[in-house]
1. Please compute the length gained on full extension between residue 158 and residue 138, using 0.36 nm multiplied by the number of residues separating them and subtracting their Cα-Cα distance.
2. Would you grab the residues whose amide H sits under 5 Å from the one on residue 63? Only those 5+ places off in sequence or on another chain, please, with H modelled 1.01 Å from N.
3. Between residue 234 and residue 75, how many nm apart are label points set 7 Å from Cα along the C-beta direction?
4. What FRET efficiency do you get for residue 182 and residue 49 if R0 is 45 Å and r is their Cβ-Cβ distance, rounded to the nearest 0.05?
5. Between residue 233 and residues 5 or more places away or on another chain, which pairs have amide H atoms under 5 Å apart, with H built 1.01 Å from N, and which residues are they?
6. Would you pull out the residues with amide H under 5 Å of residue 137's amide H, same chain only if 5 or more places away, H placed 1.01 Å from N?
7. Between residue 122 and residue 105, what length comes free when the chain is fully extended (0.36 nm per residue of separation minus the Cα-Cα distance, one decimal in nm)?
8. Taking residue 90 as the anchor, which lysines have their alpha carbon closer than 22 Å to its alpha carbon, excluding any fewer than eight residues away along the same chain?
Amino acid sequence: MLEHEWLIGQSVNDFRQPVAGSSYLSYHRENRSRPGPENNHTRRCRSPKVKASDLRNGMAIKVSGQINVILNTEHVKPGKGPAYVQVKTKNIESGSVLEKRLRSVEEVDQVDIDRRPMEFLYNDGSGFVFMDGQTFDQMTLFAELVEDEMGFVKANTEITVLICEGRPVAVELPKTVDLEVADTPPGIKNATATNQLKEATLETGLKTRVPPFINIGDKVRISTDDGSYNQRVND
């Protein structure tokens, strides 16, 4: 057996060290074991078996009773030895981002998760409040868990909340977001170069670096993977 192969049932602690960065938001740890009522949006999570070769980004799997959302998969066919899948996941309870190698034929427990669009309303001081547009139910994601990711989300924006067993477990961000520049040093007239960047604070408080021709009030497209500038957006 390969040194890095993942044995089903082994402890989550057997993973490699956490990898920083993710666009998923974990729900507050104190609420992780509290089931909620089932309704037309939610249903009890099931755990059918799925081969590692069939894993895709956005799927959820269960390891030692804990749910992990798949952030990235890489299918590898080495010159020698069996094919394998390199998987990056995020534990929705602890928020840890992990990487592991699975044999392509290995089976894992897939978790049935519902994705519900919800609107971000406001920060109430202790966390970020979201509302279901159909039921008007509200929930709070606590600031200490989601503060970094919420820099990409402005009020009245709809994002996807992941629901399992009647409770929210994570939130998905889009690959990019468009935000207005709230503060940055004055732009350079007729500047076009993008290799020299300057500091900028966006409308959500997120800080990034932008080209010299970007001014206060401009709207820019930002990657939610690393917070980097993508392009200027024209309304």
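1. Numbers: separation 20, 0.36 × 20 = 7.20 nm, distance 1.33 nm.
Extra length available between residue 158 and residue 138 comes to 5.9 nm.
2. Here the answer is 68, since their amide H atoms fall under 5 Å of that of residue 63.
3. 4.1
4. That gives a FRET efficiency of 0.35.
5. Close amide H contacts, sequence-distant or interchain: 219, 220, 221.
6. Those qualifying (amide H under 5 Å, at least 5 residues apart or on another chain) are 132.
7. Roughly 1.6 nm would be gained on extension.
8. Candidates past the 8-residue exclusion: 49, 51, 62, 100, 175.
Only the coordinates and a few stated rules stand behind these numbers; no lab work does. This is a predicted model, so every value here is computed, not measured. Counting neighbours? That spans all protein chains shown, and the Cβs are built from the backbone with ideal geometry, glycine included.
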